[in-house]
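The values are calculated or read from the model by the stated rules, or taken from the named source; none is laboratory data. Predicted model, so just to flag it, every value in this text is computed and none were measured. Note that we place each Cβ from the backbone using ideal geometry, even for glycine, and neighbour counts take in every protein chain shown. Just the protein is used for accessible areas: all its heavy atoms, side chains included, with ligands, DNA and RNA removed. Shrake-Rupley method; radii C 1.70, N 1.55, O 1.52, S 1.80 Å.
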Amino acid sequence: QVQLVESGGGLVQPGGSLRLSCAASGISVADYAVGWFRQGPGKQREYVAIIPLWGSPNYADSLKGRFTISRHNGKNMVYLQMNSLKPEDTAVYYCYVSGSPAYWGQGTQVTVSS
């Protein structure tokens, strides 16, 4: 059974940083493209970043330079480092693995507010 469990969300002030983690079980993140999506209040789920199976990470244009995605194949983990956070980054963040079918975590809430 595949499980993706996100952690690391919380309340942070504007300009702050958070590091999200996604622990995968039942699937090897080394064998698939992995990524993060988010869904803000009253918004549709949107793409954040992805690491393809081969090649460099890709980011939503609006997030380039502030967010960094990475994975640790040995720990079977995916990470999202978020810096210079803004109130508009407030959302539930979801981990994604591009299996067949694709797999999603339950999400972790990130709230950016003073």
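Does the range 14-49 hold any residues that are in a strand (DSSP E or B), aliphatic (A, V, I, L, M) and out of contact with any Cys (no Cβ under 9 Å at 6 or more places or on another chain), and which are they?
First pass over the range 14-49, keeping only residues in a strand (DSSP E or B): 18-25, 34-39, 46-49.
Still in the running and aliphatic (A, V, I, L, M): 18, 20, 23-24, 34, 48-49.
Correct list: LEU18, VAL48, ALA49.
Just one of (1) touching a strand residue (DSSP E or B) at 6+ places or on another chain (Cβ under 6 Å); (2) touching a residue at least 24 places away in the same chain (Cβ under 8 Å); (3) open to solvent by 20 Å² or more (accessible area, probe 1.4 Å) trips up VAL48, so point out which.
Exception for VAL48: condition (3).
Among the residues of the range 22-45, count how many are among the hydrophobic types (A, V, I, L, M, F, W, C) and either surrounded by fewer than 15 Cβ atoms within 10 Å (Cβ to Cβ) or touching a Pro at 6+ places or on another chain (Cβ under 6 Å) (or both).
Restricting attention to the range 22-45, the residues satisfying the condition of being among the hydrophobic types (A, V, I, L, M, F, W, C) are 22-24, 27, 29-30, 33-34, 36-37.
Restricting the remaining residues to those that are either surrounded by fewer than 15 Cβ atoms within 10 Å (Cβ to Cβ) or touching a Pro at 6+ places or on another chain (Cβ under 6 Å) (or both) gives 30, 33.
Final tally of qualifying residues: 2.
Is there a residue in the range 68-79 that is touching a Phe, Trp or Tyr at 6+ places or on another chain (Cβ under 7 Å), open to solvent by less than 30 Å² (accessible area, probe 1.4 Å), on the phi < 0 side of the Ramachandran plot and β-branched (Val, Ile, Thr)?
Yes, because at least one residue in the range 68-79 is touching a Phe, Trp or Tyr at 6+ places or on another chain (Cβ under 7 Å), open to solvent by less than 30 Å² (accessible area, probe 1.4 Å), on the phi < 0 side of the Ramachandran plot and β-branched (Val, Ile, Thr).
Which of the residues spanning the range 82-109 are part of a strand (DSSP E or B) and either open to solvent by less than 60 Å² (accessible area, probe 1.4 Å) or of a type in the set (Gly, Ala, Ser) (or both)? Walk me through it before giving the result.
Residues of the range 82-109 part of a strand (DSSP E or B): 82, 91-97, 103-104, 108-109.
Within the range 82-109, MET82, ALA91, VAL92, TYR93, TYR94, CYS95, TYR96, VAL97, THR108 qualify.
Which condition number in (1) farther than 20 Å from PRO101 by Cβ; (2) buried (at least 17 other Cβ atoms within 10 Å of the Cβ) is the one that LEU11 fails?
(2)
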